[in-house]
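Written below as C-alpha cells is the structure these notes are about.
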Amino acid sequence: MLARVWSASLVGIEAVKVGVEVDVSGGLPGIVVVGLPDAAVQESRERVKAALKNSDFAFPMRRIVINLTPADLRKEGPSFDLPISLGILAASEQVNPDLLGDYMFLGEVSLDGQLRPVAGVLPIAAAAKEQGISALVVPEANALEAALVQELSVYSCASLSDVADLLNNPEQYEPVKIEPGQGLPKSDLAGLDMKDVKGQGHARRALEIAAAGGHNLIFVGPPGSGKTMLARRLPGILPALEFQEALEVTKVYSVVGLLKNKGSLVSDRPYRSPHHSASGPSLVGGGTYPRPGEISLAHRGVLFLDELTEFKRDVLEYLRQPLEDGYVTISRTRQSVQFPAQFTLVASTNPCACGYYGDSIQSCTCSPRQRQQYWAKLSGPLMDRIDLQVMVNRLKPEEITRQSVGEASAPIRERVAQARDRARARFKDGTSIQCNAEMHSEHLRRWCELDDASRNLLEGSIRKLGLSARATDRILKVARTIADLAGEENLLPPHVAEAIQYRTIDRLPQS
C-alpha cells in the first residue's frame, strides 16, 4: 500500500515542501530511502524501526521504499523521522490516513518513540501556511516557535503514540495558542546601563548617533579606556524590535537551532561578539549545506568585533559586501542561498601595536612603519564603510574617582526612538528602509540636500582628508541622523560639521 506524508526541508532560511512517499509491498524485508537523503536521513531507518517497535506498533516485515520528493532537492537532518514513521504506519493501515494530505509533520524520533525538537520550525511553519497546509504537528519543545505563524493550527505531541492518536481522534486535541509578545528571556546585556560609563562624552554621543541611524562605529584608544564597556551598552539604547523585525531575527535563530527548548519569539535585539580567531565561514555563513554565520545572527542588532586588527585581513574583507548590501549570498555547486545581514557593526582597536600611540601618559614604542603595518590590516574600502570613527582617550584621574553617574540608557533610548520615528516617517512611501544607514543615492538626493555653507564645508573636507565618494555619502547619512536627533528637517552646517569630525582617524597611521 502507498501513503504520502507532507514535511519540509530548508534551503538557506526558506522552506521547501517535501513529500514523503512510503510504499509497503511484497519482497524481502528491508528499507530503502531515495530522493537525495543525507546521512542523518539514511540513519532514520534504524531509529524509526526501533521507535515503532518500542511504541507497541507492528513493524511490517516487508519491502519498504521511501521516496522523498522533489528528488533533486537535498534532504538533511533528523526532522524526517516523524513523517517517515507515519508513512509506514499509514501504509500498513495502523493509523487513519484521512488527515495526512492536510497536515505537515516535523520531528526527530528517539528509540523509545519520544519526539525531540528540530531546527528551522518557524520558516517551515510560514511556508506551510503559504502553501495551504491547514495544520502543523511538531514536538512539544517546538510548539511555541511554530505557533508564531498566525492562521495555522499547530499541534504539539510528546511521542509517536500521541501523533497516532491525534490522527485517529483529531477532535480530542486543541491547537497551541500563544500571545504575540511571548518571547525569550531577556539577554545578559539587559542590565548594562550607560550611567555606568564615566566621562567619554564624545564616545557616548557617537553611540547615540549610531543607535539612532544604524551606523557602523569603531572605537580607537589605548587599553583600559573603556572601548568594550561602551560597545556592550549599545543594545541598551536601541529601540525595541518591531514584531516584523522580531520574526526576521527569530527565523534566522530557528534555522541555526538556537530556539530549541528555549521559547518562541526573540524579543531582544541580537548582540554577537565573535572571537578574533573566527574564520570567514563562521562569520558570514557557509558550509557544504550553507547555514547562517555571525553576521546573520546579528541581523537587526549589533555585531561587536573587539580588537579588530587581530582578525585576519581576509576574514574582515568578507564583511565588505554585507555592510553595503544588508545581506550575504553563499554560493555552492548545487545551490545559492541568501541570508539577511542588516546589522550595526561596532568595532574596537588599539591605535598601534603597543596600544599607546597618542596617549597622554604612556609613550608609544612603535615606529611610524610599525604603525602603518598595524593599520594595513584594515583596508581603505572597509574603513570607508564605517561611518563613525571615534578616538577614545584615557580617563583623567578626577573622572575615574568621581562618584557622580552619567546619563542613564532610558532617556537616550527615548531620544533614539524619536529620531528613528522621524526617519521612518520619511521612508514610509514605497521603501523598506528602517533607518538612515540604509539609504541609497536616490534617498540622499531627496532627503540630504545641502545649503551653500554646508556644501562648501563638505567639499573642503573631501579635499583635506582625501575622502572617497562612499565616505562622503556616509557623512551625509550621519548628518541626517544628527539632524533627526535635533528635530531638524533640513541639514545645517553644524550637523555636517559634526558628521565630518567622525572621519578624522581615517588618516591616523600617517599622522
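Residues in the range 18-47 that are among the aliphatic types (A, V, I, L, M), part of a helix (DSSP H, G or I), open to solvent by 20 Å² or more (accessible area, probe 1.4 Å) and in contact (Cβ under 8 Å) with a residue 12 or more places away in the chain: 1 in all. Against the list (1) within 26 Å of residue 116 (Cα to Cα); (2) crowded, with 19+ Cβ neighbours inside 10 Å; (3) at pLDDT below 90, the condition residue 254 fails is (3). Pairs are defined by a Cβ separation below 8 Å, a sequence spacing of at least 6 or placement on different chains, a first member in the range 388-413 that is within 14 Å of residue 234 (Cα to Cα), and a second member that is among the acidic types (Asp, Glu) and surrounded by 12 or more Cβ atoms within 10 Å (Cβ to Cβ); the pairs so defined are 408/193; 409/193; 412/208.
A single member of 50, 15, 8 is closer than 20 Å to residue 90 by Cβ, crowded, with 19+ Cβ neighbours inside 10 Å and either in contact (Cβ under 8 Å) with a residue 12 or more places away in the chain or in contact with a Pro (Cβ under 9 Å, 6 or more places away or on another chain) (or both), and it is 8. Of all the listed residues (259, 303), the sole one being part of a strand (DSSP E or B) and crowded, with 20+ Cβ neighbours inside 10 Å is 303.
Okay, residues lined up against (1) open to solvent by 60 Å² or more (accessible area, probe 1.4 Å); (2) among the basic types (Lys, Arg); (3) more than 30 Å from residue 375 (Cα to Cα):
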residue	(1), (2), (3)
415	yes, yes, yes
422	yes, yes, yes
428	yes, yes, yes
439	no, no, no
450	no, no, yes
459	yes, no, no
471	no, no, no
492	yes, no, yes
501	yes, no, no
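The numbered conditions (1) outside any strand (DSSP E or B); (2) within 34 Å of the chain's Cα centre (by Cα); (3) touching a residue at least 40 places away in the same chain (Cβ under 8 Å); (4) crowded, with 19+ Cβ neighbours inside 10 Å are all true for residue 68 except (1). Pairs linking a residue in the range 82-102 that is under 18 Å from residue 56 (Cβ atoms) and open to solvent by less than 10 Å² (accessible area, probe 1.4 Å) to a residue that is in a loop (DSSP other than H, G, I, E, B) and aromatic (Phe, Trp, Tyr), with Cβ atoms under 7 Å and 6 or more positions apart or on different chains, are 89/57. It is to be established whether one or more residues within the range 293-304 are free of Cβ contacts under 8 Å to residues at least 12 places away in the same chain and either closer than 26 Å to residue 434 by Cβ or touching a helix residue (DSSP H, G or I) at 6+ places or on another chain (Cβ under 8 Å) (or both). Checked the range 293-304: no residue is free of Cβ contacts under 8 Å to residues at least 12 places away in the same chain and either closer than 26 Å to residue 434 by Cβ or touching a helix residue (DSSP H, G or I) at 6+ places or on another chain (Cβ under 8 Å) (or both). Against the definition (open to solvent by 10 Å² or more (accessible area, probe 1.4 Å) and either more than 30 Å from residue 250 (Cα to Cα) or out of contact with any strand residue (DSSP E or B) (no Cβ under 7 Å at 6 or more places or on another chain) (or both)), how does residue 79 come out, yes or no? When the stated conditions are applied, residue 79 does not pass them. The set of residues in the range 30-50 being in contact with a Leu (Cβ under 6 Å, 6 or more places away or on another chain) and under 25 Å from residue 165 (Cβ atoms) consists of 50 alone. Annotation: residue 265 fulfils all but one of (1) in contact with a strand residue (DSSP E or B) (Cβ under 8 Å, 6 or more places away or on another chain); (2) at pLDDT below 90; (3) more than 21 Å from residue 420 (Cβ to Cβ); the unmet one is (3). Checking each residue in the range 387-440 for being at pLDDT below 85 and acidic (Asp, Glu) picks out 398, 399, 429. Among the residues in the range 269-278, are any in a strand (DSSP E or B), of a type in the set (A, V, I, L, M) and surrounded by fewer than 23 Cβ atoms within 10 Å (Cβ to Cβ)? No, the range 269-278 has no match at all. Can you name every residue in the range 192-242 that is open to solvent by 30 Å² or more (accessible area, probe 1.4 Å) and under 18 Å from residue 270 (Cα atoms)? Listed by number, the residues that qualify are 192, 193, 228, 229, 232, 240, 242.
Residues that are open to solvent by less than 60 Å² (accessible area, probe 1.4 Å), under 30 Å from residue 266 (Cα atoms), without any contact (Cβ under 8 Å) to a residue 40 or more places away in the chain and not in a strand (DSSP E or B) occur at least once in the range 317-328.
Condition first: not acidic (Asp, Glu) and not in a helix (DSSP H, G or I). Can you find one or more residues in the range 472-485 that meet it? For the range 472-485, residues not acidic (Asp, Glu) and not in a helix (DSSP H, G or I): absent.
Has the range 342-364 got at least one residue that is modelled with pLDDT of 95 or more, closer than 30 Å to residue 244 by Cα, open to solvent by 30 Å² or more (accessible area, probe 1.4 Å) and not polar (S, T, N, Q)? Among the residues of the range 342-364, not one is modelled with pLDDT of 95 or more, closer than 30 Å to residue 244 by Cα, open to solvent by 30 Å² or more (accessible area, probe 1.4 Å) and not polar (S, T, N, Q), which makes the answer no.
The values are calculated or read from the model by the stated rules, or taken from the named source; none is laboratory data. Here the structure is a predicted model, which means the values were calculated and not measured. For neighbour counting, all protein chains shown are included, and Cβ atoms are generated from backbone atoms with ideal geometry for every residue, glycine included. Remember, those area values only see protein heavy atoms, side chains included, never the ligands or the DNA or RNA. Shrake-Rupley method; radii C 1.70, N 1.55, O 1.52, S 1.80 Å.
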